[in-house]
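Derivation of every value follows stated rules applied to the coordinates shown; laboratory data play no part. A quick note: this is a predicted structure, and the numbers were derived from the prediction, not measured. For neighbour counting, all protein chains shown are included, and Cβ atoms are generated from backbone atoms with ideal geometry for every residue, glycine included.
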Amino acid sequence: MPRALLLIPTTSYRAQAFLEAARRLSVEITVGSDEPNVLSASNPSGYLMISKVDISETITAVRQFHQNYLLDAIIGVDDQSVVLAARISEALSLPHNSVASVSAARNKHIMRERFKQAGVPQPLYDLFSIDNDLNVIAARITYPCVVKPLTLSASRGVIRANNEAEFIAAFQRVMKIVQMPDIAKDDSMQKLLVEEYISGTEVAVEGLLSKGKLRVLAIFDKPDSLEGPFFEETIYVTPSRLPMDNQRKIAVCVQQATKALGLEEGPIHAELRINEQGFWVLEIAARSIGGYCSRSIRCTNGREQVSLEELILRQALGMETYSFQREPQAAGVMMMPIPRAGVLQEVNGLQSAKGVSHIEDVIISIPIGQQVVPLPEGSRYLGFIFARAHRPNDVEKALREAHAQLQFEVK
Ligand SMILES: Nc1ncnc2c1ncn2[C@@H]1O[C@H](COP(=O)(O)OP(=O)(O)OP(=O)(O)O)[C@@H](O)[C@H]1O
Ligand SMILES: [Mg+2]
């Protein structure tokens, strides 16, 4: 039986989906995590303690494990573990993306530099540190602009500024965010990226790379306008309602961007904006769509239906993926933003939300009694709503209707 090492936080929403996919494919999974697991003693091949801090220690541990239980692939599921997976794979001579390519995808400034060299259409940008004189920078840059940290995600710390005063306030606010206690301190946190603000509609693209060639699995429309000052993700709906010609151009841009970074294998998640001037790549991550959202992608080869996690496993283990395409149904997810800071006291209307037609599930992902923090300081959603229908418009309508049924009491 083939075996894959899955680098994933044990509390991740995705672990279950990967384990189910592995069962279907008769693949053995070893979960690599830096958290101890009570089951590891009874299942020594199922868990591997790894350090995210000491890479050489981790490589030694995986090498030893590999001698006892042969590994065929190493899969990093989140942004951090993707780089670790590439490093370990390189050491063990397993198929993988180069460390340089995944590291470039992980750092928004390096990514911009690679895109610039390769002529990928993107916003103008500049890098500034806290030591720069903010008044001087504020007078020099053009507006509107977007200030963002180099390595955070979920739009945390991404702020639009329309003038000098807003820019100075945004820069200082983002600098405070990157110093928050839950954020690992490294050199990338000393600097912020400032980009030209690109207006227009936004899409997210989910794809799978194999030997450098991109297969687009889904293009998601983001029908809520994302004009700032903060950029809360809300609704994703696929298939896209953009003209096919635009969808083809989106795929071309994403392929150009993956080539620019040197990404070759595995899932990618890209974000682009489209306006009268053209197509603009905001970013590419060398991982699949985050959180529970992967549930909105289901693929089929006409006989069986598979999850995105199964496709990722298949691709990593060199199994066939080409016969699978996204299902014929339209699908969508709403990431429910946090309305204000406080303690989540109560959620009402859950049953009515679940009862809206085309709604498949509503998940509240923050426990009652927990502190919630909105953007730009926060990084979590209140929960997720899932819908499927024949037409994308019905999916979008259902998501909005279900969300309108919910009341969140935050005090
Ligand atoms: N230059 C820009 N012009 C216009 N909007 C932008 C720009 N940069 C970022 N945004 C908006 O902010 C959002 C988050 O930015 P970005 O993708 O760079 O950060 P992120 O934290 O990686 O987000 P996520 O994890 O949600 O993908 C984008 O999806 C987009 O809506
Ligand atoms: Mg992004």
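When the C-alpha to C-alpha distance is required to be over 18 Å, the pairs from LYS148/LYS191; LYS191/LYS259; LYS52/LYS259 that qualify are LYS191/LYS259; LYS52/LYS259. The peptide list 266-272, 79-85, put in order of mean Cβ contacts within 10 Å with the highest first, becomes 266-272, 79-85. Roughly how many Å is it from the Cα centre of the stretch 267-303 to that of the stretch 145-210, as a whole number? Centre-to-centre distance over Cα atoms comes out at 19 Å. Available extension along the chain between ASN37 and ARG303 is 92.0 nm, counting 0.36 nm per residue and deducting the alpha carbon span. Size descriptor for the chain, Kirkwood hydrodynamic radius: 22.3 Å (Cα pairs only, one decimal).
Taking THR60, THR238, THR30 as the candidate residues, the one with maximal mean-square fluctuation in a Gaussian network model of the chain, Cα springs under 10 Å, is THR60.
Using the crude model of +1 on Lys and Arg Cβ and -1 on Asp and Glu Cβ, and no other charge, please compute the dipole size for the chain relative to its Cα centre, in debye to 20. Mind showing how you got there, number by number?
Working: 43 positive and 47 negative charges, 127 e Å.
So the dipole magnitude of the chain works out to roughly 620 debye.
Compared with the direct C-alpha span, the chain from ASN107 to ARG248 gains 48.1 nm at full extension, assuming 0.36 nm per residue. Listed values for the stretch 73-90 are Karplus-derived 3J(HN,Hα) couplings in whole Hz (6.51 cos²θ - 1.76 cosθ + 1.60, θ = phi - 60°), namely 7, 10, 10, x, 9, 9, 3, 5, 6, 5, 5, 4, 4, 5, 5, 5, 4, 4, and x replaces Gly and Pro. State the answer as a single residue: which of LEU152, LEU71, PRO328 lies farthest towards the positive end of the charge dipole of the chain, with beta carbon charges of +1 for Lys and Arg and -1 for Asp and Glu, about the Cα centre. Result: PRO328, furthest along the dipole toward the positive end. When the Cα positions of TYR125, VAL136, ALA170 are compared along the charge dipole of the chain, TYR125 comes out farthest toward the positive end, with charges on each C-beta of Lys, Arg, Asp and Glu. Rounded to the nearest 20 debye, the dipole magnitude of the stretch 124-196 is 220 debye, with +1 charges on Lys and Arg beta carbons, -1 on Asp and Glu beta carbons, and the Cα centre as origin. Taking 0.36 nm per residue of separation and subtracting the current Cα-Cα distance, fully stretching the chain between GLU409 and ILE168 would add 83.4 nm. Each stretch of four or more DSSP H residues adds -39500 (n - 2.57); spread over every residue of the chain, this sum gives -9500 deg cm²/dmol at 222 nm. Rounded to the nearest 20 debye, the dipole magnitude of the stretch 3-96 is 240 debye, with +1 charges on Lys and Arg beta carbons, -1 on Asp and Glu beta carbons, and the Cα centre as origin. Between PRO339, ALA105, VAL306, whose Cα lies farthest towards the positive end of the dipole of the chain when Lys and Arg beta carbons carry +1 and Asp and Glu beta carbons carry -1, centred on the Cα centre? Value computed over the given set: VAL306.
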